[in-house]
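Student: My structure is below; once you've seen it, I'll send some questions.
The values are calculated or read from the model by the stated rules, or taken from the named source; none is laboratory data. Not measured: the values here are computed from a predicted model. When we count neighbours, we look across all protein chains shown, and the Cβ atoms used for this are built from the backbone with ideal geometry, even at glycine. Remember, those area values only see protein heavy atoms, side chains included, never the ligands or the DNA or RNA. Shrake-Rupley method; radii C 1.70, N 1.55, O 1.52, S 1.80 Å.
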Amino acid sequence: MSKPVKAAVLSAGSWGTAFGMVLADAGCEVTLWGRRPELVEAINSTRTNPDYFPGVELPENVRATTDPAQAAADADFTVLSVPSQTLRGNLADWAPLLAPGTVLVSLMKGVELGSAMRMSEVIDDVAKVGPDRIAVVTGPNLAREIAARMPAAAVVACTDEAVAQRLQTACHTPYFRPYTNTDVVGCELGGAVKNVIGLAVGIADGMGLGDNAKGSLITRGLAETTRLGMALGADPLTFSGLAGLGDLVATCSSPLSRNHTFGTNLGKGMTLQETIAVTKQTAEGVKSCESVLDLARRHGVDMPITETVVGIVHDGKPPVVALKELMSRSAKPERR
């Protein structure tokens with residue numbers, strides 16, 4: 001009888017906990033790392049994560065620790081689920097603790113400020129493990145629905161197909177259906193840019209602009225994402241799949257989406273600081289919109305919706321002014 005797959009999940013937040021449940025339901029032995037002793041104690045004693053999923057029972061093969069070395073020991077997969085802008089600092093501390101041969105799995109959907117690196121690039125830069133030991137999980141995966149074991153599909157991406165297949169097996173359950181992909185660039189960009197478009201759609205919803213505006217923003221947002229992806233060497237077909245359109249639709253249409261909710265509050269007239277104050281969890285698009293725009297400019301890619309979001313969120317431009325500027329852009333063919 002083969003030994004169970006061991007997985008370390010370095011974060012006891014909402015998505016880290018939910019994906020840890022998926023891995024456990026698929027038969028893995030899962031150790032969650034949390035920085036707060038009281039939360040770790042609650043997870044181990046009550047079999048729930050009271051901060052994120054109160055009342056949802058965790059599988060017996062999930063345990064928690066405040067010791068990252070204990071979590072990472074002998075892990076076949078080390079899952080990283082921290083806010084994207086904190087990854088570099090956290091991973092610098094964790095890299096010496098990683099088990100030899102472990103596959104680093106990114107659940108993060110962002111682009112690093114300053115470097116404009118995707119999360120897999122940051123992992124490679126800090127941990128020096130090479131692309132064949134870095135995988136990405138992405139797609140329409142709202143954490144609360146996953147924790148409730150509602151049906152969902154996802155993409156597990158790695159440049160090494162065999163590694164992607166190993167991870168696929170490790171997280172395949174009756175309610176969570178993963179598909180493999182070797183286009184890591186496209187999968188990561190789909191996840192990062194959809195947060196920015198989610199903000200834009202939320203702003204439009206908060207302003208009461210209607211479903212035509214929402215449909216237009218989603219479609220043109222997907223076009224922006226595809227243009228950027230192609231400039232970076234991604235397969236354009238990736239953006240019509242789960243990592244692109246699937247994730248974009250879920251983020252732009254669900255009240256569970258942090259980025260959509262954040263944008264809605266801005267569209268209703270709340271200031272940035274007021275919106276941050278009522279937002280309990282990280283809305284990745286708020287910071288990543290700047291780094292996504294930076295990445296696009298470095299590659300000469302026009303991303304007007306992203307530019308509009310940056311203007312509203314970081315430059316203090318009133319949404320009505322930003323909307324007028326966006327709508328008054330010169331007319332052009334759709335496929336350009």
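Student: Quantify, in whole percent, the carbon and sulfur part of the accessible surface of segment 113-255 (1.4 Å probe; protein heavy atoms only).
Tutor: 56 percent
Student: Once fully extended, how much extra length lies between Ala95 and Leu256, figured as 0.36 nm per residue of separation less the alpha-carbon to alpha-carbon distance?
Tutor: Extra length available between Ala95 and Leu256 comes to 54.7 nm.
Student: Can you bin segment 106-175 into rounded, prolate or oblate? Criterion: square roots of the alpha carbon gyration tensor eigenvalues sorted a ≥ b ≥ c, rounded for a/c under 1.5, prolate for a/b above b/c, oblate for the rest.
Tutor: On the way: a/c = 3.18, a/b = 1.47, b/c = 2.16.
Oblate shape, in that a/c is at least 1.5 and b/c is the bigger or equal ratio.
Student: Just subtract the alpha-carbon distance of Leu237 and Asn61 from 0.36 nm times their residue separation and send over the number in nm, one decimal.
Tutor: 59.6 nm
Student: Moving to a separate point now. Tell me, what is the per residue accessible area of segment 203-299 in Å², probe radius 1.4 Å?
Tutor: Result: 46 Å² per residue.
Student: How large is the Kirkwood hydrodynamic radius of the chain, in angstrom, based on all distinct alpha carbon pairs?
Tutor: By the Kirkwood definition, the hydrodynamic radius is 20.1 Å.
Student: Here's another thing I want to ask about it. Starting from the Cα of Lys3, step 7 Å toward the Cβ, then list every residue of segment 146-171 with an amide N under 20 Å from that point.
Tutor: Of the residues in segment 146-171, 166-167, 169-171 have backbone N under 20 Å from the label point off Lys3.
Student: Let me ask something additional. Please identify every one of the trypsin sites (Lys or Arg not before Pro) in segment 97-133 that sits in a loop by DSSP and has no more than 15 other beta carbons within 10 Å of its own beta carbon.
Tutor: On the way: sites: Lys109, Arg118, Lys128, Arg133; in loops: Lys109, Lys128.
In loop regions of segment 97-133 (DSSP not H, G, I, E or B), the sparsely surrounded trypsin sites (Lys or Arg not before Pro) are Lys128.
Student: What aspartates and glutamates does Lys6 reach when the alpha-carbon gap must be under 13 Å and sequence neighbours fewer than 8 apart in one chain are set aside?
Tutor: Candidates past the 8-residue exclusion: Asp25, Glu29, Asp74, Asp76.
Student: Separate question: Can you tell me the FRET efficiency between Lys324 and Glu274 if r is taken as the Cβ-Cβ distance and R0 is 22 Å, rounded to the nearest 0.05?
Tutor: The formula returns an efficiency of 0.40 here.
Student: Distance check, please: which entries in Lys3/Lys109; Lys194/Lys287; Lys128/Lys194 exceed 24 angstrom between their Cα atoms?
Tutor: Result: Lys3/Lys109; Lys128/Lys194 exceed 24 Å.
Student: Go through Thr65, Val309, Asn49 and say which Cα lies farthest out towards the positive end of the charge dipole of the chain; charges sit on Cβ, +1 for Lys and Arg, -1 for Asp and Glu.
Tutor: Val309
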